[in-house]
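The structure appears below as structure tokens.
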Amino acid sequence: MDTDQDRHRQLVAALSLSTGNNSPMRIRLADPERDSARAAEIYRPAVVGSTISFEEVAPDADEMAARMRTVLTRTPWLVAVADDGLPIGYAYASEHRSRAGYRWSVDITVYVDPAGHGRGVGRALYGELLPILRRQCFVNAYAGIGLPNAASVALHESIGMTRIGVYQRVGWKLGRWVDVAWYGMRLSEGSAAGPPPEPIPFPQLGDESDISAE
Ligand SMILES: CC(C)(COP(=O)(O)OP(=O)(O)OC[C@H]1O[C@@H](n2cnc3c(N)ncnc32)[C@H](O)[C@@H]1OP(=O)(O)O)[C@@H](O)C(=O)NCCC(=O)NCCS
């Protein structure tokens, strides 16, 4: 059986092959059966020993699969896959708030395996996610970032998000108060007069969505 170190080495090797200039890295739709264990593994370091996520217990594969299924009823959940078929990161959109008037607004989030940071994986995932959200007729995307998180701030600014403000001391984790910076961007202008078109649930995008689970 592979040790964690072996697994890490294999991953770094796969990544160096897959995210270079001739990148064979692929982005596809998440499959809860196939991808939940790996997504849980990628997410875990953000929960354990980090203030990136305000969760205190890392979800297991079953919980991650349930979250994927819920998200996919309305919005995309994408995974970036190295050329050995191993998911190396994921990104998804979810509802911003549940009350009806918020339904044109989504939150977006992204997690990349620590072995693959800084290789364009996050950027590539958002590069696929945002056009789908526009096709779905969402109007606004937001992201909340627990501070400090230079990489996440850089990524969200690099896709055109601007800082709206900071919720100061909004969370307590690992023995300290944590600020959360909220970022936002307009996905489409909607319509100045009259109501915007209703968002199309992700499963109803059909062939218009060129991202498939394969
Ligand atoms: C944040 C995260 C998703 C970024 O993904 P990534 O694949 O490492 O980022 P990319 O390589 O696509 O880089 C995107 C941009 O951010 C910049 N960037 C990446 N890491 C950076 C760092 N540590 N410091 C400063 N800038 C950084 C890149 O230069 C690039 O900028 P550009 O598009 O203007 O050239 C990744 O670091 C991660 O998974 N972190 C842990 C989980 C997390 O924080 N998720 C976000 C929750 S809010």
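The values are calculated or read from the model by the stated rules, or taken from the named source; none is laboratory data. Quantities reported herein were computed from a predicted structural model and do not represent experimental measurements. Please note: Cβ atoms are built from the backbone with ideal geometry, for glycine as well, and neighbour counts cover all protein chains shown.
Some notes on this structure:
- Criterion: under 18 Å from the mean Cα position of the chain (by Cα) and among the small types (Gly, Ala, Ser) - qualifying residue of Gly165, Gly144: Gly144
- Residue check, Leu11 at pLDDT below 95, under 19 Å from the mean Cα position of the chain (by Cα) and within 30 Å of Leu147 (Cβ to Cβ): no
- In region 31-68, the residues that are within 16 Å of the ligand (Cβ to nearest atom), aliphatic (A, V, I, L, M) and part of a loop (DSSP other than H, G, I, E, B): Val48, Ile52, Ala58
- Looking only at region 101-113, residues that are more than 6 Å from the ligand (Cβ to nearest atom), in contact (Cβ under 8 Å) with a residue 60 or more places away in the chain and either among the basic types (Lys, Arg) or crowded, with 20+ Cβ neighbours inside 10 Å (or both) come to 2 in all.
- Residue match in region 205-213 (condition: of a type in the set (Ser, Thr, Tyr), away from the ligand (no atom under 16 Å from the Cβ) and either within 22 Å of Met68 (Cβ to Cβ) or in contact (Cβ under 8 Å) with a residue 24 or more places away in the chain (or both)): yes
- Taking each residue of region 157-182 that is within 12 Å of the ligand (Cβ to nearest atom) and looking for partners that are outside any strand (DSSP E or B) and not β-branched (Val, Ile, Thr) with beta-carbon atoms closer than 6 Å, six or more apart or interchain, yields Ile159/Tyr126; Ala181/Leu147.
- Restricting Leu174, Leu155, Leu205 to those that are at pLDDT 95 or above and surrounded by 15 or more Cβ atoms within 10 Å (Cβ to Cβ) reduces the list to Leu155.
- Extreme residue, nearest to the ligand (Cβ to nearest atom), among residues of region 114-130 that are surrounded by 23 or more Cβ atoms within 10 Å (Cβ to Cβ) and touching a residue at least 40 places away in the same chain (Cβ under 8 Å): Val121
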